[in-house]
Amino acid sequence: MSEKFFAYLNIDDPLVAWEVAIGRLRSVGVPGPDNHPNFVSLFLSSKLRDSFALDRPRWLKRELVLEKARAARHPQAVSRLAGVYMFTSMEDALRALAEWRIPGWKREYISEVQFFANQLTIADSDWITEDLFSPDTGWMDSYWSGVAKRKKPLLEALGIGVGQIQNRALREQAYQAAIRNWPGATNLLQRASYGFAEAHMEAVAQIRAHIGASDNKLILSHVIYMEDFTRPQDRLQEVIFAAAARGDFPTALPPDDQYVPDLREKNWRSQCQRCSNC
């Protein structure tokens, strides 16, 4: 059974645009053979790149302290490193964007999401906004327990699972952005969109971020899940043939088709020798 949430989906980020074009908001950490403990959310990977590009690793250190508190005392809660971030109402989504002063935010990037949760945590984001960098850590138990910081909390939903993006106009924008970013992957994007929407392939061509360490340096890399294309695709072929008959699916690959998005420019290696121990 699905629940309705609202998510801010920044399709100016090519990785986000790819997922939104498919119509999907799917976390890592969903139980199954495609799961890996070193996968992290695209939100986290974006924050990692930004924080280290600006030489501000303090944010990651505090998030890791918060994650340790979760694992030790609230293991039933959704990890902020793996879950997707949503809001319980449009009002809270708009309030968050205004209060957090996100540069260049756009109201049209908010979408309703029908989310099928394996695991869900509702928490008051004001604890994060106001206390993340506090030397005191006592507030962390309040955050993970769902305690409100004040009378009118700004609730965020952390989810493990998969959601269907309902904002059609945003999906169309994301699709145009994705094919501009990776014109050679147009055919794959089409197949993934139909596979997700009509063939119940919830992880098809999903971009995942992977975090690891080597030589005391943090390494962030990205992969795309292609296992669905190594198995029989009768149902996918059926929905694609139906789409082609309607005239809304390309019948030929572009001449320069490279098949998958080139994700190398999004990969990253820290320069700080201490980063892997933050």
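Points worth noting:
- Test: residue 136 is at negative phi, acidic (Asp, Glu) and open to solvent by less than 50 Å² (accessible area, probe 1.4 Å): no
- Residue within the stretch 88-104 that is closer than 22 Å to residue 162 by Cβ, in contact (Cβ under 8 Å) with a residue 12 or more places away in the chain, surrounded by 18 or more Cβ atoms within 10 Å (Cβ to Cβ) and out of contact with any His (no Cβ under 8 Å at 6 or more places or on another chain) present: yes
- Of everything in the stretch 125-147 that is of a type in the set (Val, Ile, Thr) and outside any helix (DSSP H, G or I), the residue that is modelled with the highest pLDDT is 147.
- Test result for residue 163, in contact with a Gly (Cβ under 6 Å, 6 or more places away or on another chain), part of a strand (DSSP E or B) and buried (at least 21 other Cβ atoms within 10 Å of the Cβ): no
- From the options 77, 117, residue that is in a loop (DSSP other than H, G, I, E, B), under 19 Å from the mean Cα position of the chain (by Cα), aliphatic (A, V, I, L, M) and at pLDDT 95 or above: 77
- Lone unmet requirement of (1) open to solvent by 10 Å² or more (accessible area, probe 1.4 Å); (2) out of contact with any Pro (no Cβ under 8 Å at 6 or more places or on another chain); (3) modelled with pLDDT under 95; (4) not small (Gly, Ala, Ser) for residue 220: (1)
- Test: residue in the stretch 113-126 that is closer than 19 Å to residue 98 by Cβ and open to solvent by 10 Å² or more (accessible area, probe 1.4 Å): no
- Taking the criterion of being part of a strand (DSSP E or B) and open to solvent by less than 30 Å² (accessible area, probe 1.4 Å), the only residue of the stretch 7-23 that qualifies is 7.
- Applying the criterion of being open to solvent by 10 Å² or more (accessible area, probe 1.4 Å) and aliphatic (A, V, I, L, M) to the residues of the stretch 178-202, the residue that is farthest from residue 265 (Cα to Cα) is 199.
- Given (1) in contact (Cβ under 8 Å) with a residue 12 or more places away in the chain; (2) open to solvent by 30 Å² or more (accessible area, probe 1.4 Å); (3) more than 28 Å from residue 177 (Cβ to Cβ), number of the condition residue 69 does not satisfy: (2)
- Some residue of the stretch 237-245 being closer than 23 Å to residue 13 by Cβ, modelled with pLDDT under 85 and either out of contact with any Ser or Thr (no Cβ under 7 Å at 6 or more places or on another chain) or in a helix (DSSP H, G or I) (or both): no
- Hits in the stretch 156-185 - residues which are within 18 Å of the chain's Cα centre (by Cα) and among the aliphatic types (A, V, I, L, M): 157, 158, 160, 162, 165, 170, 174, 177, 178
- Criterion violated by residue 49 - all others in (1) part of a helix (DSSP H, G or I); (2) open to solvent by less than 60 Å² (accessible area, probe 1.4 Å); (3) at pLDDT 90 or above satisfied: (3)
- First in the stretch 123-143 and within 10 Å of residue 62 (Cβ to Cβ), second anywhere and surrounded by fewer than 13 Cβ atoms within 10 Å (Cβ to Cβ) and at pLDDT below 95, Cβ under 7 Å, 6 or more apart: 133/58
- Looking at 189, 158, 170, just one residue is in contact (Cβ under 8 Å) with a residue 40 or more places away in the chain and either out of contact with any helix residue (DSSP H, G or I) (no Cβ under 9 Å at 6 or more places or on another chain) or among the basic types (Lys, Arg) (or both), and that residue is 158.
The values are calculated or read from the model by the stated rules, or taken from the named source; none is laboratory data. Everything quoted here is computed from the prediction, not taken from an experiment. Cβ coordinates were reconstructed from backbone atoms using ideal geometry, including for glycine residues, and neighbour counts include every protein chain displayed. Calculation scope for accessible area: heavy atoms of the full protein, side chains included, ligands and nucleic acids excluded. Shrake-Rupley method; radii C 1.70, N 1.55, O 1.52, S 1.80 Å.
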